[in-house]
Amino acid sequence: MSKTFYVTTPIYYVNDVPHIGHAYTTLAADVVARYKKMMGYDVFFLTGTDEHGQKVEKAAISAGETPLELADRVMKRFQALWDKLNIDYTDFIRTTQERHKRGVSHIFSKLMESGDIYLGEYEDWYCTPCETFWTETQLIDGNCPDCNRPVEKLKEESYFFKMSAYQEHLLSYIDANPEFIQPKSKRNEIISFVKEGLRDLSVSRTTFSWGIPVPGDNRHVIYVWFDALTNYINALGYPDEASNFGKYWPADVHLIGKDILRFHTVYWPTFLMAAGLPLPKKVFAHGWWTVEGQKMSKSLQNVVEPNMLIDKYGVDAVRYFLLREVPFGLDGDFSHAALINRINSDLANDLGNLLNRTTSMIDKYFKGVLPAPEEVTEIDAAYQSKSKNLPETVASYIDELAFSKALQSIWDVVSAGNKYIDETAPWALAKDPVAKGRLATVMYSLAESQRIVYTLLSPFMPATSEKALVYLGYDRECNESSCAWGELKAGTVITKASALFPRIEEEKE
Ligand code: ME8
């Protein structure tokens, strides 16, 4: 049986249009999915849209549409952006699809039958934008502690999930699985939260109707987070064990933003425990993007639109920047200056230049045919061994979801390549007939090192890597064996590369 890997993104609300924050999570998932695929895993990569709830209903009313019309329109914008960002997802789930509704109803009924969901009455403060109830003491100056907006007092009959019953079980699971909640600082935050005590959770609403009805009680719709979280199993075919659900669940990693960590590490695991289902292996919460130092918001009109960035700078430059600029897990700030700086220095100067220098020298000195390496001196051996070690380094960083470190380690080898050219001075070797063997070794080492570099870069920058690998005469799909030194054979035709990333003139921007 092949090894499987299941990675998910949050399903995004359709009351907002996609921005770089959404693109960030989806891109991270795409890189992991592509990398694991390359390494021979049978990968399932899920994304989608969250289409129920009061927030979506309200947005639809103010747009003069039905909620489904709104969802149809906005989900297409998400899909179009994912195409443009070169996101290779396996499946896209919409919570209005039958397969999802069927799964939600099934698990809800199951928990009603086991007594984990019961009918009660609720009176508390509700924040509509966050779709969350708060107790009096949790409010800050009478407002929502998360978003600071006004809350309203709601009293309603409600179904409750016995979350309190799972407090100890959850704590011992977190304790026994140090990898479950990442990064570590977030893990500690959740442990303290759970230790303060879990209350039963209201999992139905009667004040609006845009949602999935509670089985056997049409007056209630199921709470949007109960509905949304189960997308991760419904997309696989839950409750049918013979479907992808049996094959891919539990998820290897749920990638999310830090804003929704509690839902994924307290609510979701306790729902699963009650249903007797295995828990996801890892939930990783990344940080928050601000823009030029400010919170991104519609009212500040500073929302960074990924379509515009891609049109202006190219898809791979944007992909590279988002994952290189900020360590995954920390907050980051987006600025055009930082993006242009990365393009000019990392992509045009370091990466692109090295390929241009190498391919034009092979063109000039060996008529575009890759020579076999000959004598290997200390300097060649050092550069080669750096390149040979790279696949393992990248593998361990990607396993930690340390994307910026993975890219940094790739750039260490790129910089070593540029330095290697400066130190071996091929133009001088070319003038000396007895140095032909040395020159062959230098050219071979440069080409082969970059072939490994672009193989490892292909999950991050698929289009650029494909182009570069064609210049290097490696026109095939990469797999695990592509990472081995010596794959590129002498006699391969190498093509002089044109600039992969033209420099951007900052003044004009
Ligand atoms: O919360 N920086 O959907 P959502 C980084 N439907 N990431 C950001 C970001 C920013 N400024 N803004 C948004 C929901 N994100 C629920 C999820 S899952 C079962 C249900 C990303 O549309 C980040 O991944 O509000 C965050 O978690 C997600 O968008 C929230 O998307």
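The values are calculated or read from the model by the stated rules, or taken from the named source; none is laboratory data. Bear in mind the structure is a predicted one, so any value in this text is a computation, not a measurement. Backbone-built Cβ (ideal geometry, glycine too); neighbour counts: all protein chains shown.
Go through region 285-312 and give me each residue that's buried (at least 21 other Cβ atoms within 10 Å of the Cβ) and in contact with a helix residue (DSSP H, G or I) (Cβ under 6 Å, 6 or more places away or on another chain).
Taking region 285-312 as the starting set, the residues that turn out to be buried (at least 21 other Cβ atoms within 10 Å of the Cβ) are 285-286, 289, 306, 309.
Ala285, Trp289, Pro306, Leu309, listed by residue number.
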> Can you tell me which residue in region 228-271 is farthest from Ala285 (Cα to Cα), limited to those that are of a type in the set (D, E, K, R) and within 11 Å of the ligand (Cβ to nearest atom)?
Replying inline: Asp259
>> Among the residues in region 462-481, are any over 17 Å from Pro371 (Cβ atoms), β-branched (Val, Ile, Thr) and in contact with a Cys (Cβ under 9 Å, 6 or more places away or on another chain)?
In response: no
>> Quick check on region 414-431. Is at least one of its residues at pLDDT 95 or above and within 20 Å of Leu322 (Cβ to Cβ)?
In response: yes
>> Any residue at all in region 122-140 that's surrounded by 14 or more Cβ atoms within 10 Å (Cβ to Cβ) and part of a helix (DSSP H, G or I)?
In response: yes
> Is region 30-46 home to any residue that is over 25 Å from Arg319 (Cα atoms) and either surrounded by fewer than 21 Cβ atoms within 10 Å (Cβ to Cβ) or within 14 Å of the ligand (Cβ to nearest atom) (or both)?
Replying inline: no
> Considering region 118-157 alone, what residues qualify as being at pLDDT 90 or above and on the phi > 0 side of the Ramachandran plot?
Replying inline: Asp141, Gly142, Asn148
> Could you list, in sequence order, the residues of region 218-245 that are without any contact (Cβ under 8 Å) to a residue 12 or more places away in the chain and outside any loop (DSSP other than H, G, I, E, B)?
Replying inline: Asn218
> Could you count how many residues in region 485-509 are under 22 Å from Asp380 (Cβ atoms) and without any contact (Cβ under 8 Å) to a residue 24 or more places away in the chain?
Replying inline: 0
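Go over the candidates Asp72, Asp50 one by one and state the one that is surrounded by fewer than 19 Cβ atoms within 10 Å (Cβ to Cβ), among the acidic types (Asp, Glu) and under 28 Å from Leu309 (Cβ atoms).
Checking each option against the conditions leaves just Asp72.
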>> Please determine whether any residue of region 493-502 is out of contact with any helix residue (DSSP H, G or I) (no Cβ under 7 Å at 6 or more places or on another chain) and at pLDDT 95 or above.
In response: yes
> When residues of region 93-134 are filtered for being among the hydroxyl-bearing types (Ser, Thr, Tyr) and without any contact (Cβ under 8 Å) to a residue 24 or more places away in the chain, how many remain?
Replying inline: 1
> Which members of region 107-117 meet the condition of being on the phi > 0 side of the Ramachandran plot and hydrophobic (A, V, I, L, M, F, W, C)?
Replying inline: none
>> Considering only region 14-26, I want to know if a residue exists there that is within 15 Å of Val224 (Cβ to Cβ), aromatic (Phe, Trp, Tyr) and either within 13 Å of the ligand (Cβ to nearest atom) or over 15 Å from the mean Cα position of the chain (by Cα) (or both).
In response: no
>> For Leu347, only one of the following conditions fails: (1) within 16 Å of the ligand (Cβ to nearest atom); (2) crowded, with 17+ Cβ neighbours inside 10 Å. What is its number?
In response: (1)
> So which residues in region 213-233 are polar (S, T, N, Q) and over 17 Å from Arg262 (Cβ atoms), if there are any at all?
Replying inline: Asn218, Asn231
> Out of Leu456, Leu488, which single residue is in a helix (DSSP H, G or I) and either among the acidic types (Asp, Glu) or modelled with pLDDT of 95 or more (or both)?
Replying inline: Leu456
> Residues in region 53-61: is at least one over 27 Å from Val151 (Cβ atoms) and either within 16 Å of the ligand (Cβ to nearest atom) or not basic (Lys, Arg) (or both)?
Replying inline: no
> Of the residues Leu401, Leu339, Leu351, Leu347, which is over 22 Å from Lys489 (Cα atoms) and outside any helix (DSSP H, G or I)?
Replying inline: Leu401
>> Can you find a residue that is part of a loop (DSSP other than H, G, I, E, B), in contact (Cβ under 8 Å) with a residue 60 or more places away in the chain and surrounded by 15 or more Cβ atoms within 10 Å (Cβ to Cβ) anywhere in region 177-191?
In response: yes
> Quick check: is even one residue across region 363-385 in a strand (DSSP E or B) and either free of Cβ contacts under 8 Å to residues at least 24 places away in the same chain or surrounded by fewer than 20 Cβ atoms within 10 Å (Cβ to Cβ) (or both)?
Replying inline: yes
